[in-house]
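The values are calculated or read from the model by the stated rules, or taken from the named source; none is laboratory data. If you're wondering where the values come from, they're calculated on a predicted model, not measured in any experiment. So basically every Cβ, Gly included, is an ideal-geometry build from the backbone, and we count neighbours across all protein chains shown. Surface areas here come from the heavy atoms of the whole protein model, side chains and all, with no ligands, DNA or RNA. Shrake-Rupley method; radii C 1.70, N 1.55, O 1.52, S 1.80 Å.
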Amino acid sequence: MELAWLTPAGEILVEGPVDSVTIAGGPILTEAGLPVAAPHTYYLLDAGWTIRRIFGSTTSSVDDSLYGAVCKVDGNALYEYWTEWNSYHGRVGSVWRDTEITGLVSVPLEEVAGWQGLAATPAQALTAALAEFDRSRREEQRERQRPIDELAARFSAALPDYPGNEPVHLVFGYADGALVREPSGRVVWRLTEQWPYRGKDLYEFLHTELRRRYPERLGSFVTDIDAAPWWFWAPDL
């Protein structure tokens, strides 16, 4: 039977499968320099058995450092253990842990209230909760992606159908906002909505769409952003 804990907020923490991640081929370490023993994935559910958060392994990077983390319940607290690998120096840098939840009270999962009206067993109720969590996240991702997909469609629709077989040359420019123009100066598209990322990301996004629209004919897509404010391209972010 899965291990479970009640939180001070009345939520349910359930231990999932054994989890792992490595940084530069090495395990995530404790502050004592030892590998974290048997980390797990953990599911945090509310009283209605809806998953609110999943705690598990993660990786990230900043400049010359790679970061990895795993999670483990130790005593009455859930910890996230972090290890930094500095690739410039070729060695482990910082090692630390963050406290995620304290005041946990261990309890047999079958004795936790709420699952009895949802499934025949708590394991089945957890499986159903995970399926709903995945469905909800996919829907959220589709909603986040929808404005980007719509922008791509509008951009593609605005592009001319250039006759012949000559290469197509276009310019990514800026004049009171991002635009795409021909080398002669004729604007073929202008950004009219909010773009949530950097100007350099918009350039790459549009470049991808241009390669789709003119797969064999795109000759160049140069930048002319001298008139853009410093934050638009944001090369250091």
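Assorted remarks:
- On the basis of the beta-carbon distance and an R0 of 22 Å, Thr7 and Leu130 show a calculated FRET efficiency of 0.70.
- Given the chain, longest segment not containing exposed loop chymotrypsin sites (Phe, Trp or Tyr not before Pro) (DSSP; at most 14 other Cβ within 10 Å): 89-196
- With the alpha-carbon atoms of region 11-110 aligned to their principal axes, the span from lowest to highest coordinate is 49, 24, 20 Å, starting with the largest.
- Full-stretch length increase - Ala227, Arg138 - with 0.36 nm per residue and alpha-carbon distance subtracted: 28.1 nm
- Evaluating 6.51 cos²θ - 1.76 cosθ + 1.60 at θ = phi - 60° for every residue in region 42-53, the Karplus couplings come out as 10, 10, 9, 10, 7, 5, x, 6, 9, 6, 9, 7 Hz, glycine and proline recorded as x.
- The relative contact order of the chain, computed from alpha carbon pairs under 8 Å that lie at least 6 residues apart in sequence, is 14 percent.
- √(5λ) per eigenvalue of the Cα gyration tensor, region 27-185, largest first, Å: 47, 28, 12
- C-alpha long axis of helix 199-213 to longest principal axis of the chain, angle in °: 70
- Were the residues from Glu111 through Val21 laid out at 0.36 nm apart, the gain over their Cα-Cα distance would be 29.2 nm.
- Summing charges over all other residues whose Cβ lies under 11 Å from the Cβ of Lys72, with Lys and Arg as +1 and Asp and Glu as -1, gives -4.
- Sulfur and carbon atoms: percent of accessible area, region 100-175 [1.4 Å]: 54
- Classified by the C-alpha gyration tensor, region 142-237 has an oblate form. Its axis ratio a/c, with a ≥ b ≥ c, is 1.5 or above, and a/b does not exceed b/c.
- Accessible area in square angstrom per residue, the chain, 1.4 angstrom probe: 57
- Taking 7 Å steps out from each Cα toward its Cβ at His207 and Val92 produces label points 3.9 nm apart.
- DSSP-assigned coil residues among trypsin sites (Lys or Arg not before Pro) in region 101-199, each with at most 16 further Cβ atoms within 10 Å: Arg186, Arg198
- Three-way shape call for region 72-164 based on the alpha-carbon gyration tensor, with the a/c threshold at 1.5: oblate
- Extending 7 Å from Cα along the Cβ direction at Arg190 and again at His169 yields two label points whose distance is 2.4 nm.
- Among Ala234, Gln145, Val171 the positive-end extreme of the charge dipole of the chain (Cβ point charges): Val171
- Reported to the nearest whole Å, the Cα centre-to-centre distance from region 187-223 to region 29-91 is 38.
- Annotation: amide H of Glu100 within the under-5 Å range of Leu78, Tyr79, Glu80, sequence separation 5 or more or interchain, hydrogens built in the peptide plane.
- Helix 122-158 axis versus longest C-alpha principal axis of the chain: approximately 10°, rounded to the nearest ten.
- Placing a label point 7 Å from the Cα of Ser156 along the Cα-to-Cβ direction, the residues of region 184-212 whose backbone N falls under 16 Å from that point are 205-212.
- Nitroxide proxy distance, nm - points 7 Å out along Cα→Cβ at Arg52 and Thr99: 1.8
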